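Quick notes on the structure that follows.
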Amino acid sequence: MQPFENVREELLKAGIAAGAINRYVIELREHLADLTAKERGNGGDAMARARTLMGSDTQLVQAMLDRKPPRALSVKAPWAVFGLAPVVAIVALSWLIAMAMMRLMWPMRDLMPAQMPGSYQALIAGVTIFTGYLIGPLLAATSIAIALRQRLSSAWVWMGLVLIALFSGFFAFHAPDAERPMYGAALVVMHGGRVDPTGTLILVALRAGILFTLSAIAWRMLKARQTVTT
């Protein structure tokens with residue numbers, strides 16, 4: 001283990017921004033190197049003596065806290081990081097992508113996807129996969145990574161995973177088909193030209209349930225491993 005990793009861990013648990021901690025740890029390691037160089041002339045374990053001169057981990061942690069360093073946004077406003085931001089990202093991305101696809105597909109507006117050239121079909125398939133199956137998992141992975149980095153166990157992490165699963169289960173680009181003649185940003189089940197509420201709820205619940213289950217398993221496993229290693 002590199003020097004001052006325990007100091008890093010304690011500061012992360014105290015809610016200090018990771019960037020400020022990284023700079024502090026670099027500063028400590030540089031100071032340790034300087035002291036070690038000075039102590040080598042005295043023989044013996046120069047690094048151990050230099051480390052003793054710098055004070056205990058507890059003292060170094062307190063010295064950093066006394067500077068009143070910036071706290072991590074995920075600690076100050078977890079509702080924004082794990083709740084608001086992912087929801088806004090899902091809705092905004094789905095809507096913007098749907099609008100962009102409508103413009104791109106305008107020359108083919110009178111054709112169904114199956115009747116379009118291969119390049120258009122490939123684009124539609126790629127965008128459908130990205131919005132329907134990748135945005136949600138990517139946002140869930142980002143939330144988990146932020147929580148792990150900051151050593152969080154907040155209920156907001158779980159709330160965020162629930163919101164990501166629900167919103168990504170409903171918002172996704174879709175191309176026209178026999179039941180839905182227009183491009184859209186939401187997955188709505190149609191039957192006989194009308195919205196099928198039951199079918200839509202089942203589809204959203206199924207998609208959300210799968211994503212949340214996988215995200216929850218990943219979060220629990222990674223958090224448990226982090227707890228053991230630290």
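Here the residues R67, R8, ranked from fewest to most Cβ neighbours within 10 Å of their Cβ, fall in the order R67, R8. Stokes-Einstein diffusion of segment 1-143 at 10 °C, 1.306 mPa s viscosity, Kirkwood radius from Cα pairs, rounded to a whole number: 79 µm²/s. The helix-based estimate of mean residue ellipticity at 222 nm for the chain, built from -39,500 (n - 2.57) per DSSP H run of four or more residues and divided by its residue count, is -21500 deg cm²/dmol to the nearest 500. Mean separation of Cα pairs under 8 Å and 6 or more residues apart, divided by the residue count, gives segment 109-230 a relative contact order of 25 percent. Straightening the chain between F130 and T229 buys 32.2 nm, computed as 0.36 nm per residue apart minus the Cα-Cα spacing. With R₀ set to 45 Å, the beta-carbon distance separating R103 from K68 gives a calculated FRET efficiency near 0.35. For A72, which sequence-distant residues (separation of 5 or more, or a different chain) have an amide H within less than 5 Å of its own amide H, given hydrogens modelled in the peptide plane? The list, which skips near neighbours in sequence, is I16, A17.
Note on segment 5-66: dipole from Cβ charges, positive end direction compared against I26, T36, A63; the farthest Cα belongs to T36. About the centre of its Cα atoms, the chain shows a dipole size close to 340 debye [charges on the beta carbon of Lys, Arg (+1) and Asp, Glu (-1) only; nearest 20 debye]. Among 131-138, 36-43, the peptide with the highest mean count of other Cβ atoms within 10 Å heads the list, and the full ranking is 131-138, 36-43.
Its residue count N fixes a reference of 2.2 N^0.38 Å for segment 5-66, and the Cα radius of gyration divided by that reference is 1.20. For segment 5-66, the relative contact order comes to 35 percent (Cα pairs under 8 Å, sequence separation of at least 6). Close amide-amide hydrogen proximity is noted between A172 and A186, L187, each under 5 Å apart and 5 or more residues distant or on a separate chain (H modeled in the peptide plane; Pro and chain starts excluded). Membrane-span-like helices in the chain (whole DSSP H runs, Cα extent of at least 27 Å along the helix axis, mean Kyte-Doolittle hydropathy of at least 0.5): 85-104, 197-229.
The numbers here are math on the coordinates, done by the rules we state, and not lab data. As the structure is a computational prediction, the values presented were derived from the model and not from experiment. Because the Cβ atoms are built from the backbone with ideal geometry, glycine has one as well, and the counts that use them run over all protein chains shown.
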